[in-house]
1. Of everything in region 330-352, what is free of Cβ contacts under 8 Å to residues at least 12 places away in the same chain and more than 15 Å from residue 310 (Cα to Cα)? Give them in sequence order.
2. Pairs please, first residue from region 68-87 and assigned to a loop (DSSP other than H, G, I, E, B), second anywhere and surrounded by fewer than 24 Cβ atoms within 10 Å (Cβ to Cβ), Cβ atoms under 6 Å, 6+ apart in sequence or on different chains.
3. Among the residues of region 164-187, is any touching a residue at least 12 places away in the same chain (Cβ under 8 Å), touching a strand residue (DSSP E or B) at 6+ places or on another chain (Cβ under 8 Å), part of a helix (DSSP H, G or I) and closer than 30 Å to residue 298 by Cβ?
4. Would you be able to tell me the number of residues in region 272-308 that are in contact with a strand residue (DSSP E or B) (Cβ under 6 Å, 6 or more places away or on another chain) and either more than 23 Å from residue 253 (Cβ to Cβ) or not assigned by TED's automatic domain parsing to the domain that holds residue 218 (or both)?
5. State which residue is nearest to residue 169 (Cα to Cα) when the search covers only region 213-248 and only residues that are surrounded by fewer than 16 Cβ atoms within 10 Å (Cβ to Cβ) and in contact with a strand residue (DSSP E or B) (Cβ under 6 Å, 6 or more places away or on another chain).
6. Output yes when any residue across region 296-312 is surrounded by fewer than 23 Cβ atoms within 10 Å (Cβ to Cβ) and in contact with a helix residue (DSSP H, G or I) (Cβ under 6 Å, 6 or more places away or on another chain), and no when none is.
7. Of the conditions (1) free of Cβ contacts under 8 Å to residues at least 24 places away in the same chain; (2) assigned to a strand (DSSP E or B); (3) surrounded by 14 or more Cβ atoms within 10 Å (Cβ to Cβ), residue 385 fails just one. Which one is it?
Ligand SMILES: Cc1cc2nc3c(=O)[nH]c(=O)nc-3n(C[C@H](O)[C@H](O)[C@H](O)COP(=O)(O)O)c2cc1C
């Protein structure tokens, strides 16, 4: 979402200026093209040179420093900006923005831009609680600007309070979501996509279970890509991986829990992707106390789990149903058979015996099967790119 986006970071004079330097680095890492404007007070804390080096662009500090005769620099920067991030936002700049004051490079450019604005206040807790600051923040929100809630914690003043700058990673996430919210041309905007991920867990007793090698990486990458195509994503996950931001996560454990969590949104889903590795069987009896070691062999009787994909295949009306087939041999034969048996619209097959594909890897290599279509082979790539490819192929087939 931030790839090649023109992000201007407006740095004002708070103690958290040093964190803005890290933020610029993170925006660059996310693929954004960054420019920085600083107030005079901000330059008291950190030299513009730091931001110049991190952003790889000259830093704007003076409205009247007109270097290019063909441009008025604050208007040029305002027009160039696709996302304005004010960080740290002082009580002073918040007051100026709320009241239409434009008396330096930062405030004048902010007045002139039409880009979405993300305001990240950071200040002493009493300054934040001051009714003037609160009223100004309310006013900025009423203008349609986004204000990020300051963190509570240990302040530079040496005591606990609300007013800390959120961590740069969280600011990048917020910026990402703001751009998603403002984008009007995304193919899955307003559409619900359900994705399952991870290997389900079937309990034998309170401390033992049956599972498989699925890490959930493919499902989680699919959730992120569907989010970036504008979808309202529900990720039903049995994985221990960190939850992706900007999606609704439903943590589950067993196949039956997974089925219930998926089916509650089945009716109004546009796409459902079963990337989870669902246990075919579960122990018929689950001990409610830890099983003791016996002096002879024991048997665990397994009973069949519900076939979630097949159930959805029978019940689907408008939903586009995508299943995964993790095979170790005869991949094509099993995948085409699965496509028919489950009444799916697409089966993504991967050979999990391959070095660079399948369970717990960061890369994958897949073949996409669809009814009455040639199979599409996607060569080894990151799971992120494979996820993008799968979704774009589905959109193409759905004519979205
Ligand atoms: C050491 C020091 C730390 C400061 N920290 C903050 C702060 O975290 N937040 C804030 O709103 N103001 C803070 N201020 C006050 C601002 O620097 C002051 O209001 C200034 O006029 C803001 O100017 P600007 O908004 O143009 O950058 C601090 C001042 C000093 C001297």
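1. Scanning region 330-352 gives 330, 333.
2. From residues that are assigned to a loop (DSSP other than H, G, I, E, B), the pairs are 81/6; 81/113; 81/115; 82/5; 82/6; 82/115.
3. No, every residue in region 164-187 fails to be touching a residue at least 12 places away in the same chain (Cβ under 8 Å), touching a strand residue (DSSP E or B) at 6+ places or on another chain (Cβ under 8 Å), part of a helix (DSSP H, G or I) and closer than 30 Å to residue 298 by Cβ.
4. 0
5. Per the criteria, the residue is 243.
6. Scanning region 296-312 turns up at least one residue that is surrounded by fewer than 23 Cβ atoms within 10 Å (Cβ to Cβ) and in contact with a helix residue (DSSP H, G or I) (Cβ under 6 Å, 6 or more places away or on another chain).
7. (2) is the only condition that residue 385 fails.
Residue by residue, here is whether (1) in contact with a strand residue (DSSP E or B) (Cβ under 8 Å, 6 or more places away or on another chain); (2) assigned by TED's automatic domain parsing to the domain that holds residue 142; (3) surrounded by fewer than 19 Cβ atoms within 10 Å (Cβ to Cβ) holds:
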residue: 17; (1), (2), (3): yes, yes, no
residue: 31; (1), (2), (3): no, yes, yes
residue: 57; (1), (2), (3): yes, yes, yes
residue: 97; (1), (2), (3): yes, yes, no
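The values are calculated or read from the model by the stated rules, or taken from the named source; none is laboratory data. Computed from a prediction, not measured in an experiment: that's the story for all the values here. As a convention, Cβ positions derive from the backbone with ideal geometry for all residues, glycine included, and neighbour counts pool all protein chains shown.
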